[in-house]
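Inspection log for the structure reproduced underneath, given as structure tokens.
The values are calculated or read from the model by the stated rules, or taken from the named source; none is laboratory data. The shown structure was predicted, so the numbers you read here are calculated from the model rather than taken from an experiment. Backbone-built Cβ (ideal geometry, glycine too); neighbour counts: all protein chains shown.
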Amino acid sequence: MAFVVAVVYTDWRYRRIPNAFTYPVMLVGLVLGGFEAVPGEVFANGLLDHVAGLVVGFLIAYPFYAMGGLKAGDGKYLMAVGALRGLSLLLAGAVYGALLGGVIALGFIAVRRLRPANGVGASMGGVMKTWIPYGVALGLGTLLALAVELSGRLPGATM
């Protein structure tokens, strides 16, 4: 959670997700995956699941990065989440993050359309060039996915 909160803060405040956050988390995630693999379940909860999460995080992010929809930090964030928690949390967090990102984008577009700022006109061209904090959406999506996962494990949960 500390990693996700730090990413959300830095992306919102400074418009970037530092490599100093993502690369160490990727490494720690793979090491923890190796420890999980020791008892014998290599894929379900082990190293392969963490490696698959890292690779799928890249595969999800790269097309959007190549088209200019995501910045590199957003992609590395997804890879770090996949490496740290595995494939299931990565996929759920990415889906929730995409949905939240759409809501955030609509909010930014509505505000910019109604109240032009910083010399950017209210034309759709100006609105579409607005920076949108997608790392914030991905982070909130990850926290939502984690909350859903944990609620299913709580005693008395009916999921």
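Every condition in (1) within 21 Å of Val95 (Cα to Cα); (2) modelled with pLDDT of 95 or more holds for Met1 except the one numbered (2).
Out of Gly102, Gly75, Gly33, Gly107, which single residue is modelled with pLDDT of 90 or more and either within 18 Å of Gly135 (Cβ to Cβ) or in a helix (DSSP H, G or I) (or both)?
Details: Gly102 fails: modelled with pLDDT of 90 or more; Gly33 fails: modelled with pLDDT of 90 or more; Gly107 fails: modelled with pLDDT of 90 or more.
The match here is Gly75.
Only one of the numbered conditions (1) part of a helix (DSSP H, G or I); (2) of a type outside the set (D, E, K, R); (3) under 20 Å from Pro18 (Cβ atoms); (4) at pLDDT below 95 is violated by Gly57, and that is (4). Of all the criteria given as (1) under 13 Å from the mean Cα position of the chain (by Cα); (2) in a helix (DSSP H, G or I), the one not satisfied by Ala52 is (1).
Confirm whether Val28 is farther than 14 Å from Gly135 by Cα and assigned to a helix (DSSP H, G or I).
Yes, satisfied.
Taking residues in region 73-97 that are over 9 Å from Gly53 (Cβ atoms) and touching a residue at least 40 places away in the same chain (Cβ under 8 Å), and partners anywhere that are polar (S, T, N, Q) and buried (at least 24 other Cβ atoms within 10 Å of the Cβ), the pairs with Cβ atoms closer than 8 Å and at least 6 places apart or on different chains are Gly93/Thr142; Tyr96/Thr142; Gly97/Thr142.
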